[in-house]
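The structure under discussion appears below in the form of structure tokens.
The values are calculated or read from the model by the stated rules, or taken from the named source; none is laboratory data. Only a predicted model underlies this, so the values are computations on that prediction, with no experimental measurement involved. Note that we place each Cβ from the backbone using ideal geometry, even for glycine, and neighbour counts take in every protein chain shown.
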Amino acid sequence: MSDLTNLDNVLLEENESVAVLTINRPKSMNALNSATLIDIGKALDYVKDHSDSIKVLVVTGAGEKAFVAGADISQMHDMNSLEAAELSKLAHESYGKIENLPQFTIAAVNGYCLGGGLELASSCDMRVGSSKAKFGQPEVTLGIVPGFGGTQRLTRLVGRGKAKEMIATGTMIDATEAFRVGILEEIAEPEDLMSTVQKIASTILKNGLIAVSMAKYVIDRAADLPLDTAIDFETQMWAQTFATEDQKEGMAAFLEKRHAKFPNK
Ligand code: CAA
């Protein structure tokens, strides 16, 4: 069973069905070294194991300046190719865990969101950004390519042309541009960021959460399949929701003109 002891680089706080995972290395702009990636993975194991009580996960960065300013350059400087592959694998394991959580995940992007940070945010189901946040994949300015999923997840978010532009120039874009190109779903003033995210979480929490989880699953699993196969997959998922108590309650509540009280069964 997962536990939260000995996590030095992240914080995990729970409040009324919402857990907040905070990357907590503010002196290094929350840069991701191996230890932090391992801690993220352990915290995600805990979130997955506690899906009875945790229904939405928020990912954010400690301090006022950064969400995550990328992989830790001081650790990477002397690495050889084998060590680089190990670091990338660690990140892929943790980021894959986020994507595969049954719970809905929201990145609350409170500041610099660069390199491995943008790759982390791109692994979440949606992103809400502070109006002061900055986004970029600056790897080529360091002589490397994105290695924590950026060539793939950013491309799936913004399309090939924009992803190639961002990656090849290595320049940062602001929150308004990030919203325009589809990295952000919402922008909030810095002081309103967490309340905006909480409001989205509260809206989700009122819904049938098995259905939310299945919708996330079918979107992610079927997105790259041929359309007819993907549609078949959706039909299977849709039919399965009719085996839940939530479906009976949701439709009964509509017919009885009252709010649904989903049992999440
Ligand atoms: N790794 C290690 N340390 C980092 C870091 C990083 N990615 N980003 C910031 N820091 C450290 C700085 O070295 C500095 O430490 P000291 O106080 O000990 O000198 C501290 O955080 C504060 O940073 P700055 O003084 O640079 O703060 P700033 O406000 O002037 O600039 C910044 C902020 C624009 C984010 C700048 O720090 C920066 O450009 N950081 C690097 C961004 C970057 O290149 N990220 C990509 C990393 S590669 C990657 O992520 C590969 C991948 O595919 C996974």
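Of note:
- In segment 64-90, the residues that are farther than 18 Å from Q137 by Cα and among the small types (G, A, S): S81, A85
- Failed item, numbered, when P226 is tested on (1) closer than 27 Å to K55 by Cα; (2) more than 23 Å from the chain's Cα centre (by Cα); (3) without any contact (Cβ under 8 Å) to a residue 12 or more places away in the chain: (1)
- Pairs where the first residue, in segment 65-78, is more than 14 Å from A91 (Cβ to Cβ) and within 8 Å of the ligand (Cβ to nearest atom) and the second is assigned to a loop (DSSP other than H, G, I, E, B) and not aliphatic (A, V, I, L, M), C-beta under 7 Å, 6+ apart: K65/G111; A66/N30; A66/G111; A69/N30
- Single residue of segment 98-122 satisfying the filter (assigned to a strand (DSSP E or B) and under 29 Å from A211 (Cβ atoms)) that is farthest from the ligand (Cβ to nearest atom): F104
- Comparison of D49, D3 shows that the only residue that is under 20 Å from N100 (Cα atoms) and either outside the structural domain of F148 (by TED's automatic domain parsing) or over 18 Å from the mean Cα position of the chain (by Cα) (or both) is D3.
- Considering the conditions (1) basic (K, R); (2) within 15 Å of the ligand (Cβ to nearest atom); (3) farther than 16 Å from G115 by Cα, K55 is excluded by exactly one of them, (2).
- Checking each residue of segment 150-157 against the condition of being more than 17 Å from the chain's Cα centre (by Cα) and over 12 Å from A107 (Cβ atoms) gives no match.
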